[in-house]
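What follows is one structure encoded as structure tokens, with my remarks underneath.
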Amino acid sequence: LDALYEIFAKPQLSGVSNPDNPSIYIRHQVGQEILGGYKIENVFEDSPTGFYAEGRVSLNPAYPPVLVIRGYGSWYPFDRVLEDTPEVFIANLERQLKAAETQGAIHWLQQYTQSGNKPDLIGESLGGKVAQQIAAKYPNFIRSTVTFNALGVSRQVKETSKAENVFHYFT
């Protein structure tokens with residue numbers, strides 16, 4: 001699944017401009033089916049922080065549900081010009097983790113775990129950092145965590161976490 005997850009997490013799928021493009025950088029609607037055999041079940045968004053994630057469910061029951069968290073460019077509204085904000089690179093910044101909690105993303109992970117179908121968690125860049133924070137705080141709700149070009153988390157978070165199956169890719 002890692003190859004598919006990379007397509008989900010990256011800003012664009014080369015040569016694909018249709019609405020079922022699976023990139024998290026394309027705004028999807030709940031219920032929409034996307035390339036890769038997944039359907040958008042939930043959209044989690046927090047305007048003040050710019051947090052944006054999608055809960056996706058596979059049309060193939062052999063594949064787990066997945067929470068995809070958008071990277072750096074997503075922490076601002078879609079129509080706003082991006083500015084360089086160095087504070088997002090501070091390892092202990094938890095504003096986006098709090099947004100994941102308040103907007104229902106953690107509850108979504110918990111619901112699937114309770115039904116016996118632990119989700120995977122993926123993210124790119126800052127989305128990967130937030131995925132690591134979620135995996136560290138809620139390891140029992142996640143089957144595996146896959147990040148691409150992710151910012152790191154603090155040593156304290158890493159050392160106190162019981163998270164397993166965390167995979168980092170640099171591309």
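Out of the residues in the stretch 32-67 that are closer than 24 Å to Arg95 by Cβ and of a type in the set (Asp, Glu), state the one that is surrounded by the fewest Cβ atoms within 10 Å (Cβ to Cβ). Here the residue is Glu45. Of the residues in the stretch 141-163, at least one is surrounded by fewer than 18 Cβ atoms within 10 Å (Cβ to Cβ) and at pLDDT 90 or above.
Condition (residue is within 24 Å of Glu6 (Cβ to Cβ), open to solvent by less than 80 Å² (accessible area, probe 1.4 Å), in contact with a Gly (Cβ under 9 Å, 6 or more places away or on another chain) and at pLDDT 55 or above) applied to the stretch 74-85: is it met by at least one residue? Looking for residues that are within 24 Å of Glu6 (Cβ to Cβ), open to solvent by less than 80 Å² (accessible area, probe 1.4 Å), in contact with a Gly (Cβ under 9 Å, 6 or more places away or on another chain) and at pLDDT 55 or above, one finds none in the stretch 74-85, hence no.
The residues of the stretch 113-129 that are open to solvent by less than 10 Å² (accessible area, probe 1.4 Å) and among the small types (Gly, Ala, Ser), listed by number, are Gly123, Gly127, Gly128.
Looking at (1) under 19 Å from Ala135 (Cβ atoms); (2) in a strand (DSSP E or B); (3) at pLDDT 95 or above, find the lone condition where Glu41 falls short. All conditions pass for Glu41, except number (1).
The values are calculated or read from the model by the stated rules, or taken from the named source; none is laboratory data. Remember, predicted model here, so these are calculated numbers, not experimental data. A quick note on method: Cβ atoms are made from the backbone with ideal geometry, for glycine too, and the neighbour counts reach across all protein chains shown. Areas reflect the complete protein model, heavy atoms only, side chains present, ligands, DNA and RNA absent. Shrake-Rupley method; radii C 1.70, N 1.55, O 1.52, S 1.80 Å.
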